[in-house]
Amino acid sequence: MPRLQGRTALITGASRGIGEAIALRFAAEGCDVAANYLAEPGRDNAAEAARVAQQIESLGCRALCVEADVTDLASVQQMAAQVIETFGHLDILVNNAGITRDRTLKKLEKPDWDAVLAVNLTGVYHCTHAVIEHMREHEYGRIISIASVVGQTGNLGQTNYAASKAGVIGFTKALAREVARRGITVNAIAPGFIDTEMTQAMPDEARAAVLATIPIGRLGEPAHVADAALFLASDEAAYITGHVLNVNGGLYM
Ligand code: NAI
């Protein structure tokens, strides 16, 4: 029996990277998936999301591509309503959308602080707020947010990113307490360094320096994070809430 048969999920930032891997992993286990994407200037995320949706359908599940900027509450509310109307119910939310704007604090201007907090933390609030009442009414829900090892340890040049991801961890634990008796679990995943566009953008020396500190000796793959998300979404994790699951090759223990 597929582990997410009959379930539906909304995954933010699902057009590539970790979000795409989670979408396909869930679909491989029978889950209908709404793949959120952002219309970004200079790249065709709609086409990338459509490609992900095609793969979801080829796995025998329903797919929906929904454009929304997670920083915009009105479009997030519209997205949630569209997903619930299309699938009839929403069981799983994966808050995956995230960005970096790395600078040492001395050079970090307010727009780069605001942008990272808006996507990585306020976006999590927007999306979760937009679906929590539905999940409470159904007395079932799985909320999984992608935090980061950087929210646990800090990292040079990432005060904005570290603050946003530490915020996601605090949000997760607080909400887990609020909704625990309503059949809703709320967990976070803290990936280490995963081989996606986000880390491919790092300078070579920075990548090499990071690699040297990972006990397992290699970067993680999006599939490693997707497997952790599948576990937290599955019935096997029914008694786990408020947890931060490290997927980091031993980088932080
Ligand atoms: P990525 O850059 O490949 O993908 C990020 C996704 O988020 C893209 O689909 C992008 O369009 C979407 N997005 C960005 N801003 C958005 C917005 N305002 N509204 C809707 N979607 C938006 O990055 P990656 O690596 O797949 O990251 C996914 C998540 O995992 C992020 O939250 C990131 O912070 C987190 N993470 C990544 C790590 C890594 O090493 N790659 C390590 C730890 C955490």
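Computed from the coordinates by the stated procedures, all read-outs in this text should not be read as laboratory data. Please read all numbers here as calculations on a predicted model, not as lab measurements. No Cβ is skipped: glycine too gets one built from the backbone with ideal geometry, and neighbour counts run over all protein chains shown.
A few notes on this one:
- Counting the residues of the stretch 141-155 that are within 9 Å of the ligand (Cβ to nearest atom), of a type outside the set (A, V, I, L, M, F, W, C) and either touching a residue at least 40 places away in the same chain (Cβ under 8 Å) or in contact with a Leu (Cβ under 8 Å, 6 or more places away or on another chain) (or both) gives 2.
A quick yes/no check of all residues on (1) at negative phi; (2) within 16 Å of the chain's Cα centre (by Cα); (3) free of Cβ contacts under 8 Å to residues at least 60 places away in the same chain:
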| residue | (1), (2), (3) |
| --- | --- |
| Met202 | yes, no, yes |
| Val210 | yes, no, yes |
| Arg218 | yes, no, yes |
| Leu232 | yes, yes, no |
| Asp235 | yes, no, no |
| Ala238 | yes, no, yes |
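- Subset of the stretch 164-173 that is among the hydrophobic types (A, V, I, L, M, F, W, C) and closer than 20 Å to Leu251 by Cα - its residue that is nearest to the chain's Cα centre (by Cα): Val168
- Listing of helices (runs of 4 or more DSSP H) fully contained in the stretch 175-241 that carry 1 or more residues being out of contact with any Ser or Thr (no Cβ under 7 Å at 6 or more places or on another chain) and away from the ligand (no atom under 14 Å from the Cβ): 204-212, 222-233
- In the stretch 53-78, the residues that are farther than 17 Å from Ile22 by Cβ and free of Cβ contacts under 8 Å to residues at least 24 places away in the same chain form Cβ pairs under 8 Å with partners that are within 14 Å of the ligand (Cβ to nearest atom) and among the hydrophobic types (A, V, I, L, M, F, W, C), at six or more places apart or across chains, as follows: Ser75/Ala68; Gln78/Ala68.
- All told, Thr86 meets the bar of being away from the ligand (no atom under 16 Å from the Cβ), in a helix (DSSP H, G or I) and among the β-branched types (Val, Ile, Thr).
- Of the helices (runs of 4 or more DSSP H) lying entirely inside the stretch 92-163, the ones with 3 or more residues being within 14 Å of the chain's Cα centre (by Cα) and within 23 Å of Ala228 (Cβ to Cβ) are found at 123-138.
- Among the residues here, Ile169 does not qualify as of a type in the set (Val, Ile, Thr), closer than 20 Å to Val247 by Cα and within 11 Å of the ligand (Cβ to nearest atom).
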